[in-house]
Structures are given as structure tokens and as C-alpha cells.
1. If each residue's Cβ is checked for other Cβ atoms within 10 Å, how do 389, 121, 527 rank with the fewest at the top?
2. Take residue 220 and residue 22, extend 7 Å from each Cα along the Cα→Cβ direction, and tell me the distance between the two endpoints in nm.
3. With a Förster radius of 22 Å, plug the Cβ-Cβ distance of residue 295 and residue 165 into 1/(1 + (r/R0)^6) and report the FRET value to the nearest 0.05.
4. So how far, in whole Å, is the C-alpha centre of region 217-262 from the one of region 504-543?
5. Taking R0 as 30 Å, what's the FRET efficiency between residue 763 and residue 54 from their Cβ-Cβ distance, rounded to 0.05?
6. Separation of region 550-572 and region 746-785 by C-alpha centroid, Å?
7. Just rank 376, 530, 423, fewest to most, by other beta-carbon atoms within 10 angstrom.
8. Expressed in nm to one decimal, what extension gain is obtained for the pair residue 31 and residue 416 from 0.36 nm per residue of sequence separation less their Cα-Cα distance?
Amino acid sequence: MPAVVELDWDGPTSDGGAPVTDYVIEYSTDSGSTWTTFADGTSTTTFASLRGLTVGTAHVFRVSAVNSSGRGVTSSVSASVTPIAALVNDAFSGAVAITGTSGRENSSTRTATREVGEPNHGGYGASASIWYSYTTSAAGTLVIDTMGSDFDTLLGVYTGSAVNSLTTIRTNDDAGGGNWSRIEFAPVVDTQYWIAIDGYGSRKGSTVFNWAFTEAPPAQKPGVPRSVRAVEGDARATVYWTAPESDGGATITAYTVTASPGGRTCATSGALTCVVSSLTNGTAYTFTVTATNSVGTGDSSAASDAVTPRAESDGGVAPLSWGLDRIDQRALPLNNRYTRTQSGAGVTVYVIDTGVRATHSELSGRVAAGFTTISDGQGTNDCQGHGTHVAGTVAGTNYGVAPAALVVPVRVMNCSGSGSTSDIIAGIDWIITHHQAGVPAVANMSLGGPRSAALDLAVSRGVADGVTFVVAAGNSSLSACTVSPAGEPSAITVGSTTSTDERSSFSNFGSCLDVFAPGSNIVSAGHSSDVATRTLSGTSMAAPHVAGIAALALSQNSAMSPAEVASAIASSATRNAVTNPGTGSLNRLAFSLLTPAPNAEDDSPTTTTSTTSTTVAPTTTTPSGGGGGGDDGGGGGGDDEPVTTTSTTLPRPTRIVAPPTTSTTTSTTSTTMPATPPTTPTTVPTASVSAPRGTVPAVGQRPAVGAAAPQLPPTARALAAAVRSVGRTLRIETQAPKGSLVHIYRNGELVRSVTPEEAKTLSIPSNGASAEDVQIVVVTRTGEVLATPPAETPTGTGESSGDKSSMTTTTQPASQANAGKAAATKPNAGNCGKLNRQVNDHEWPAPNERQEQIAAPAHSNLSPTRTSTWRARLS
């Protein structure tokens, strides 16, 4: 792509009494000593793309207007612009190879593009990427970052051979302390990695890419596995352990468990659990574990405490929770038995929640070291109770669906049961980083909040990594598609039922819901002591039932993909058992034995929802006793059956994107969701206009200046904004959702596309337009459209189709009144002195550089009217 400078300017304050017929653009490469006219033909538009300029040479520009009387005085001189060479690494195929142990590359994404099927690089609104490649011949650690870039960057590392089918290794949006990005990883020897730099929310700018590689010392045998413990079964024992403190500098490829007495063994290729079979019931056994890497096998661990396998009854066990009793049978009444053919042994369950009480008797010996994003000194301990209850339902010894699964707490919620979207995403990223390929794993998310593209994307990345994600549908009796992560298609979204197979009154529903499970009045582990129990209600309680079923499926076949697990749960779920499932919901009730449903073909979504409420005010349900929550979001729990409440609509918090020089804050979501029905959209009237209308810009898209104002969709909501005429400018003030783009149209043509922060107070040249000639269109990061009413585009004579400025007639001063109507004069320089510019392939100097006052044309009867002030805007 050749170097391009895109120039735009305002029309003159006076056309001299005759319409402007052309604008003449001149440039200079010697600071204005000599000028060259740019050959762009005849045009009355107030913008131009200048191509063919000399790369690496500073240019300045000026513009003059032409009418039938001649050419007016030139505008003030622009700031200096230096075109840069076209990018060679815009395309994936042109990736620039980085070599050496460290280095720094300076570039720009201002003219970069996005390829079909390209990843999102770990953030929202990726639109302009540049690529690098890296290969190492030695083991070690590579640290890459974008510190020094002048915009909010995204950074991604991938393997693969085609841009539309890459495997994600790591992604990062914001590193600590700024809007730059940082990734640290251990590259595999002789593997080619692809590295992309992009911008959050379609941001572009100058990039700095830094890298440093540290070679690893010579590998040794791995250390000793730690914390070995065992849980007895029928002629078997499930053994768990913690990884060695050191892998010896080489990836651990195998673990081997040995039983004593007898020497029976089991082995894994990475999972921190396996099952030793063919043991003798009634005999006490201890177990040791060794780890192996490419150098050899390390020393044996300390032996576990002794366990004694015992025979189990074929008739199942008496369940302590009605939820267990329900999921193993097709129909009511309950039979007071819970039967399972698998135990969840060998499966890791990540509980993304408020933490877990690791010493609880329901979980003791099966809680591995986890991760926390909460800096309160609690680590992964549960000081709220929600996470322990959820973990007990998934994998508790007596209250759990999969009582032999390994629990890993991922604490993203504080002691009040709330946390930020960024903390939740960080927890998911930790799972992706630490989950080993091929190890069967499930993640339970009994939480949620407003629809978040970033959170949904994080879940999608986790699923792509091979982890089955099970999420709560939410407790607002609304469509699950309106909240995250419930609306993410790759996750298994779970609604709640009562002990009579009715949809719980609080449960969300709709086409994004995959299956129902028991969620009202569920008994499970409490956090107040090692033997405490607690009764909670919510879709938060329904989701872990299905997470446990997913663990059972993976225990039976550890090679199943997340999609295959989801399919097994869907195909085995009991059809048409749920009363009042909600409009759009598939009537499926989870079935833990995973055998095909007898009427699986009867799977049509519900088309009507019955109701018993005649209250005019919106009524929803909130689990009583539950924690605070994000609006309309995922499932939290209350101590008793939910009660009906009347709610007031609240604004949905979204991510706050700060200017590049400040830090980024995030919205707060919670483990429980108050009932807050969404505001009924207000349709924006679409006034008829004479000029053709364009299409609404895509999410994150900045259309070219001059693009036609869009035809608004019927779902567009009204936008509150203030537009005032101040001198020869229009002052605009509006509040737009964070992460959106605000598009300003004047007389039906795009003038600016700005961030919500810039839109809080913004001025644009009036060019003869009034406040009624301005339309503001906001496109949120979820694609929602908000807008002020369309401006009426005038018809008839007096305005050229390609000219943005209104034409006026200049009359003679009073002293010449007897001369009659004045002859046309050359147009005033006026607003031509203000060149508003958009930039490609070049760098701009510092903003707000002030230029000299503009003189009136020699034959004009108007005095100078304004001083040109430059405002740098890179796009």
C-alpha cells in the first residue's frame, strides 16, 4: 500500500458571492519556500487523499478556494507531515522475523488492516494488526511487550500456518500499570510462533515491540510430587497429588502411581490424578508418585495416608440432596437413591467463584492449589460461602455429582460475593495457562453480569483450550442471551428447576439456555466449618449439577472435546419434563447417567410462556439471602426459595476505557444477580431525507470522513445529547456507553468518529450548519445502536452535492448601496485555514499547534474572521 496523507478542511467563511467550484491543494517540502500544486482534478469536497508523496520527507500543506471570480487567498500552513513507507507486516504472510536474545522494533498500525478469520488477540475491537514471527533453537523463556506504544494495544501469540486457523498460545490486553501489553511464555524449541499487535476498540498508532529471551539452564530430573492423597472406591482408589516444585527445566511428560502392597500402578501424561484398579476390598493401601521428564524419572513422593477399598451397593446411595435424587431418573416421583456409573475420577474441575474451603470434609484431600485475583490475604479460601457450596455440588463426597473429581479453586470474587470483569477474565486466563493439553477438565462459572464481549471471548478461549465451561443462566427471569457468560455459545448454559420440575421463578430462559437442572433449595457444603452445610437457591446451584455430569462424562471418556461433552449432555437430557420452561427454551432436564433420551427428537423450543402475574410493574425474582450481583447476570444463591420482588431498571455497568495516558478500570459483576429487567428500547424515528443514507458502522469501525449518515435500524434507542451553536462551531455534549464509538454527522455526512470520553465535550466547525443539521450515532461494543433523530438534508439549489459548506451571498458595504447588487468576489480564506486531518502512513507532530491569522482575499470586502487552530487527530 503506498504512502497516503488524508487531508480535510473547512470551507471558507464567505464564498465571495458565487459558489465555490474547486479547492486547490498545495504542498511544500522546504518549509514553505516553494509550493507544488497537487493534481487532484476539480472537486468541491473538503477532503482529499494525497498519494504519491515522497516517503521520509516532511511535507506541509495549504488550501485555497476557487469561484467564478478566481482563486482566493490560501489557508494557513498545516503542521509538518512525514509519509512513511508502506507496512510489510500488515498481512500474516508478511510477518517480520525477530532474532537475537533481545531487541526493539518500531512501527505503526495506522494503515494496518484485519484479515478474514483473524483472531481478536485477547480484546475487543481488534481491527488493525501487524505481525512478527519467532523461532528458538534453545529452551528458555521469551518476554514480549508493547511498552512505549502510544495507544491501547492488544498482543497475541499463536502457532499454526494460516491466519484463520491459528492456535492461541497467549493473549494480553493491559499489562500492570498501563495500556501496553505483555506476554511471557516458554517457547517450544524449533516451533514457529506468530505474534500480533493490534489495538483495543479499533485504536491505532505508533507501536514499540520489545522482546527478551532467557535461555534455560540444562535440564535435570523433576522434583518430588507433593501432597499425595487417595480416596477409596470399589476395588480401586483415586489418587491425587500436587506437581513438584521443579520440573527440572523440562516438561513433565508422565506421572506414575504405585500402590503398596501389591505394586499396582496407574499413569498419566499430565493430569494430577489417576485411578489404581484391581485392588482387594478390605485391604489397606498407601500410594507413592513419581514424575518423569526428558532427562529421566525423579524420586518417589512420600506415601499417602492409607485407604481401604470397599464394595459398593448396586442400588446406589441415599442422596442427601434432592438434586442428586432427581438427575439420575427420568421422571418423578423421587426414589431416594442416587446411582452413578462413573465418579469423576481423573477429571479436574475449576470452580471460578468466591474460593473453596479446602479442608471441608466433603472435599478434603481433593482440592488442589488454585489461583486468586483478589488481593485481600485470603488466597483461595472462601470467606463468602458461595464457592464452597458450588464445589460441594460438583464434587462433594456426599453432596456431589462427581465425588472423585479434583477441585481447583479459582477465586475471582471477594468476601462480599462481587468482583470485576477483568478479575474473572484473569482467572480464565490462568486456567488456560495451567491446563495441560489432553487432561480432562471442566470449569464452573456460577456468576455473571451484563453482556461483555471480553468475558465471552475469554470463555471461548477456554473452550478452545479443551476445557468444558458450564455457566449459570442468571436469576432475572429474562433471556439468558442478555447476560455474560450465559450468552456465550461455546459454554453450556444452565437454567434452574424446582423439586416439582417447574422452572424456578427466578431462572433465566431462552434460546441461549442449553439445559435445566435442580437449582431451588439445594443442600451442599457450607464454609463456616469443615462439616457445615447450607441450603441455597439459584441458577448458581443448577450449573454445578451439570458441571458434575460433565465430569462424569469425561471420567468415562477422557478424550471427549468440550463440544462432545455438550452434545452428550444435550442428547441424554430428559425431554419435556420442565413446566413453564420459558419462551425460546429447549425443554431439557439434565440426566446424569448420560444414556440417550428416549424421545430425543422431540426438541422444539418453547414458543409461549405462561404467567400468573397481572402486576403492571415489572416483577422478577431474586434469591433471598444471596450476595449482590451485576445487572441481569448469572446465577447466585439465596438461603431459601426465592421470593417475588418488584425491581427498578438500573444502568448496566460496562468497561471504562480511559485515555491512553491513564489506567483502565472495569465494571463490577457478581456471583449473584438482582432482578433488573432491561429498559424497553425507545425507537428513534427515522425522518425521511432527500439524500441516500448509508449503513450503520460496524462495531469498532471508523468510516471515512464524508460517509453518508446511516439508515437507523428499528431497534435503535434514543440518545440524549446537547448540540449548541457557538460562533462558527457546533458544541456537542453526550454520554455514550464505555467501549463504544460515537459518530458525528453534519448535513448527512460523517465529520468525526470519537470515543465516549471525547464525546463528553466536543466542538466541530459549523460550516454553515445549525444544531438541527447534526446527527449523533453511537455503536456500542455489543452492536447496539443509539442515535439522535436524523438531520434533514436540504434539497434544491444553493448546495453542491459534494460540498459540505453552506453558500452565502456577500453584499457590498452601506457606502456602496447605490451600486446595486455586488459582483461576485473571490472566496475568503475563512475556514479553509483550518485543515482537519485524518492520517495514514505518516506521523503528526504534537497537537494544538497554533498557526498565524488568515488574511482576507485581496478583492474581498470582508475583514479577517478567524485564527486557525490545529487539533491533531490520528485515525
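Values in this text are rule-based calculations from the coordinates and carry no lab data. Everything numeric in this text was worked out from a predicted model, so none of it was measured. For neighbour counting, all protein chains shown are included, and Cβ atoms are generated from backbone atoms with ideal geometry for every residue, glycine included.
1. On the way: 389 33, 121 26, 527 23.
Lowest to highest Cβ neighbour count: 527, 121, 389.
2. Label-label distance for residue 220 and residue 22, simple model: 8.1 nm.
3. On the way: r = 34 Å, r/R0 = 1.56.
The pair residue 295/residue 165 has a calculated efficiency of 0.05.
4. Cα centroid to Cα centroid, the span is 34 Å.
5. Numbers: r = 34 Å, r/R0 = 1.13.
According to the calculation, E is roughly 0.30.
6. After rounding, the separation between the Cα centres reads 50 Å.
7. By the 10 Å Cβ count, ascending: 376, 530, 423.
8. On the way: separation 385, 0.36 × 385 = 138.60 nm, distance 6.30 nm.
Length gained between residue 31 and residue 416: 132.3 nm.
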